[in-house]
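All remarks here apply to the structure that follows.
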Amino acid sequence: MNKRVLILAIVTGALSLGFIRVSDGSMYARIARSLELMGEVFRQVSLNYVEDVDPEVVIESGINGMLRTLDPYTTYIKEEDSEDLDMLSTGSYTGFGVMIERIDSGLVITNIRQDYPAHRAGLRIGDRIVTVDGASVDTLVPRELRKYTRGPLHTDVRVQVVREGRPDTVSVVMQRASIDANSVSHFEVLQGGVAYVKLGRFGRKAAIEVRNAIDEMRSAAQIRSILLDLRDNPGGLLESGIAVAKLFVPKGSTIVSTRSRDANESRTVVADTDPYEGQLPVAVIINEGSASASEIVAGAIQDVDRGIVVGRKSFGKGLVQTVVPLPGEAQLKMTTSRYFTPSGRSIQRIDYSSFRKGKGQSNDTAVFYTRNGRAVRELSGIEPDTVLTDFSFPAPVRHLVENNVIFRFATWYTASLDSIPPQSTLDKIVDAFIRYLDAVPPAKRSPILGSLAESRRVAEIDGYPSSVIRSLEQTERLAEREFQRTIRSHSEILRPYLEREVRHRFEPERVRASLDLRFDNMVAAAGRILASRRYALFLEQPVAGDQ
């Protein structure tokens with residue numbers, strides 16, 4: 001049987017099965033007619049298109065096109081793309097122990113795990129990956145890099161990186177290892193006895209890790225409150241979010257409700273055990289990167305008035321996915337229900353069904369009430385009890401941080417160093433930074449310098465008189481002097497931040513995380529609230545919105 005005849009036989013057989021027991025205008029009939037149409041298009045393309053086509057590629061494109069009409073969380077996952085789901089379930093992945101982000105058009109290492117291959121090979125935060133086993137990866141996004149870095153355990157791979165400040169590339173050979181993907185990335189007791197726990201994801205052992213972290217801190221110091229940091233936590237396993245919430249909410253409290261298309265599949269989850277910690281004040285920090293299981297935890301703690309939520313409004317993902325196995329080791333991650341917080345509110349930000357029907361997003365927000373009568377709104381994510389800001393830097397310094405100028409400076413400054421420079425050298429680090437700024441494009445240094453440079457360039461291209469060009473150049477020089485004066489005026493703020501970035505290139509992961517907390521405005525503000533009368537007022541008074 002040749003290829004075309006085989007394809008025709010498969011399609012015809014599948015369609016004939018689809019018509020069994022279908023003879024009316026029911027949903028089954030509509031499904032059958034749709035399958036008949038799709039099968040006929042597939043048959044025509046496979047048999048008559050001007051060139052041979054790969055039927056697997058055509059079908060996969062059709063699957064992805066079909067799923068795009070639903071929501072972005074319903075996805076087809078090929079076997080080779082299933083590592084994220086496996087990591088949540090097993091708590092580990094195969095790789096080198098690095099975190100990669102795209103910075104200034106390059107794939108840059110932003111975190112390195114202690115005692116894993118990348119750390120042992122001498123790679124550093126700030127290194128830009130350019131090749132993996134000879135393949136150029138400069139144009140990839142971080143997710144696409146995984147097919148090069150992940151693979152069978154204990155296999156070697158050669159990686160080339162560019163380190164700003166060095167004229168040559170750095171080439172290392174690393175052996176792939178099993179990397180622990182811990183849910184808790186950092187914990188420590190802060191000033192005032194605040195037990196700080198950073199939860200980066202909701203893997204299988206998230207609740208155990210949170211409990212163990214608090215136990216370890218309690219054995220080392222007296223803790224007076226708990227600060228759970230869920231910023232930029234995209235979620236994970238629903239059951240893990242429920243388990244974390246159970247650590248804190250009273251027995252008998254509703255944690256979350258899920259409602260499915262089939263009412264028999266809907267359920268309400270209630271805390272069936274006494275909480276691990278039911279007395280100490282609790283605050284949860286969220287931001288726009290907190291989603292799904294993070295919102296379950298924050299919503300439960302807020303709605304039963306077990307603690308307060310601070311930070312910025314969360315992402316707003318109130319949809320639950322179920323993973324369905326498919327032939328060929330593939331999987332379908334499909335939205336099967338919506339979840340609701342204990343007060344009954346949905347925090348789903350986007351109504352995808354309205355968009356499918358050509359309707360706009362509704363701006364109506366129903367009001368619900370917590371156990372103590374505080375008003376909370378739905379359809380907008382979890383709104384914090386009090387809004388906090390990330391940065392306390394002056395605008396000129398904040399611009400340099402947000403444009404990765406300080407990050408790149410630290411890479412350049414340490415390129416030829418093997419260890420942290422002595423304090424006498426670090427005391428002069430602001431001078432070195434200002435010299436480094438001379439080579440930084442104007443727009444990266446300051447929006448004003450960028451605008452002036454662009455105005456002069458346009459004037460030169462358009463043939464403006466030389467007097468205009470000279471006037472613009474004079475204004476640029478004046479702005480440059482003022483910029484340097486402004487940066488120096490912020491030396492007391494800038495110096496410790498520059499030192500922190502330099503130390504990041506050498507210090508262990510836990511020390512780096514602790515250094516970061518010194519500059520974390522949200523953590524500092526949350527700690528002050530936990531230690532003040534304001535905490536009790538949030539829970540006692542029926543208030544809503546920002547404070």
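The values are calculated or read from the model by the stated rules, or taken from the named source; none is laboratory data. Just so we're clear, the structure is a prediction, and the values are computed from it rather than from any experiment. With ideal geometry, Cβ positions are generated from the backbone for all residues, glycine too; neighbour counts draw on all protein chains shown. SASA here: full protein model, heavy atoms, side chains in, ligands and nucleic acids out. Shrake-Rupley method; radii C 1.70, N 1.55, O 1.52, S 1.80 Å.
Observations on the structure shown:
- Output for region 389-406, where each listed residue is in contact with a helix residue (DSSP H, G or I) (Cβ under 9 Å, 6 or more places away or on another chain) and either at pLDDT 90 or above or within 16 Å of T486 (Cα to Cα) (or both): F393, P394, P396, V397, H399, L400, V401, N403, N404, V405, I406
- Leading residue by the ranking (farthest from F340 (Cα to Cα)) among those in region 206-241 that are of a type in the set (S, T, N, Q) and touching a helix residue (DSSP H, G or I) at 6+ places or on another chain (Cβ under 8 Å): S225
- Unmet criterion (only one of (1) in contact (Cβ under 8 Å) with a residue 60 or more places away in the chain; (2) outside any helix (DSSP H, G or I); (3) open to solvent by 10 Å² or more (accessible area, probe 1.4 Å); (4) of a type outside the set (A, V, I, L, M, F, W, C)) for R211: (2)
- Condition broken by Q279, with the remaining ones in (1) out of contact with any strand residue (DSSP E or B) (no Cβ under 8 Å at 6 or more places or on another chain); (2) of a type in the set (S, T, N, Q); (3) touching a residue at least 24 places away in the same chain (Cβ under 8 Å) satisfied: (3)
- On inspection, V256 fails the criterion of being in a helix (DSSP H, G or I), of a type in the set (A, V, I, L, M, F, W, C) and open to solvent by less than 20 Å² (accessible area, probe 1.4 Å).
- Within region 259-290, being surrounded by fewer than 16 Cβ atoms within 10 Å (Cβ to Cβ) and among the hydroxyl-bearing types (S, T, Y) holds for S260, S266, T268, T273, Y276.
- Just one of the listed residues (S467, S471) is part of a helix (DSSP H, G or I) and either surrounded by 14 or more Cβ atoms within 10 Å (Cβ to Cβ) or not polar (S, T, N, Q) (or both), namely S471.
Results for (1) in contact with a Phe, Trp or Tyr (Cβ under 9 Å, 6 or more places away or on another chain); (2) within 17 Å of Y196 (Cβ to Cβ); (3) modelled with pLDDT under 95, shown as yes or no for each residue.
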residue: V468; (1), (2), (3): no, no, yes
residue: L472; (1), (2), (3): yes, no, yes
residue: I493; (1), (2), (3): yes, no, yes
residue: E499; (1), (2), (3): no, no, no
residue: R505; (1), (2), (3): yes, no, no
residue: P508; (1), (2), (3): no, no, yes
residue: F519; (1), (2), (3): yes, yes, yes
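- Among the candidates V284, V324, V310, V244, residue that is part of a strand (DSSP E or B), over 14 Å from T341 (Cβ atoms) and free of Cβ contacts under 8 Å to residues at least 60 places away in the same chain: V324
- Residues located in region 485-506, provided they are assigned to a helix (DSSP H, G or I) and of a type in the set (F, W, Y): Y497
- Considered as a group, the residues in region 109-146 that are part of a strand (DSSP E or B) and in contact with a helix residue (DSSP H, G or I) (Cβ under 8 Å, 6 or more places away or on another chain) include one that is surrounded by the fewest Cβ atoms within 10 Å (Cβ to Cβ), and that residue is A135.
- Test result for R267, of a type in the set (D, E, K, R) and more than 25 Å from the chain's Cα centre (by Cα): yes
- Of the residues making up region 12-25, at least one is among the small types (G, A, S), more than 21 Å from M66 (Cα to Cα) and either at pLDDT 55 or above or surrounded by 14 or more Cβ atoms within 10 Å (Cβ to Cβ) (or both).
- Among residues of region 394-426, those that are hydroxyl-bearing (S, T, Y) and either at positive phi or surrounded by 19 or more Cβ atoms within 10 Å (Cβ to Cβ) (or both), counted: 3
So that you can scan it fast, the table gives a plain yes or no per residue for (1) more than 25 Å from the chain's Cα centre (by Cα); (2) on the phi < 0 side of the Ramachandran plot; (3) among the basic types (K, R):
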position	(1), (2), (3)
T139	no, yes, no
R143	no, yes, yes
K147	no, yes, yes
H154	yes, no, no
E164	yes, yes, no
E209	no, yes, no
A213	no, yes, no
M217	yes, yes, no
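- Residues that are part of a helix (DSSP H, G or I) and either among the β-branched types (V, I, T) or under 24 Å from Y76 (Cβ atoms) (or both) within region 43-59 comprise R43, Q44, V45, S46, P55, E56, V57, V58, I59, listed in sequence order.
- Among the residues making up region 413-456, those that are under 15 Å from F506 (Cβ atoms) and either outside any helix (DSSP H, G or I) or at pLDDT 95 or above (or both) are Y413, T414, A415, S416, L417, D418, S419, I420, P421, P422, I429.
- Of the candidates T486, T475, the single residue that is touching a residue at least 40 places away in the same chain (Cβ under 8 Å) and among the β-branched types (V, I, T) is T486.
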